[in-house]
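In what follows, a structure is listed as structure tokens, so that the remarks can point back to it.
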Amino acid sequence: MSTLAIFAPNLHGGGAERAMVNLARGFAERGVSVDLVLVKAEGAYLT
């Protein structure tokens, strides 16, 4: 199984943040283990 880590400062609502979440979900649906590492756990896309 592959593992992927995505690093970001936060998940405040913006296009780049939405793209990161969509990519993480897509990889996870294909069996890739995804770690989303945030500097601050805040933002609209945390739910």
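Laboratory data are not the source of any read-out in this text; all were calculated from the coordinates shown. If you're wondering where the values come from, they're calculated on a predicted model, not measured in any experiment. Backbone-built Cβ (ideal geometry, glycine too); neighbour counts: all protein chains shown.
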Loop sites in the chain: GluC sites (Glu not before Pro), DSSP, at most 16 other Cβ within 10 Å: Glu42
Here the gain from full extension of Ala19 to Ala44, 0.36 nm per residue of separation minus their alpha-carbon distance, amounts to 7.7 nm
Let me know the Kirkwood hydrodynamic radius for the chain, please, with Cα pairs as the basis and the value in Å to one decimal. 10.8 Å
To the nearest 500 deg cm²/dmol, what mean residue ellipticity at 222 nm is calculated for the chain from DSSP H runs of n ≥ 4 alone, each contributing -39,500 (n - 2.57), summed and divided by the residues? -10500 deg cm²/dmol
Out of residues 5 or more away from Ile6 or on other chains, whose amide H comes under 5 Å of its own, with H placed 1.01 Å from N in the peptide plane? Asp35, Leu36, Val37
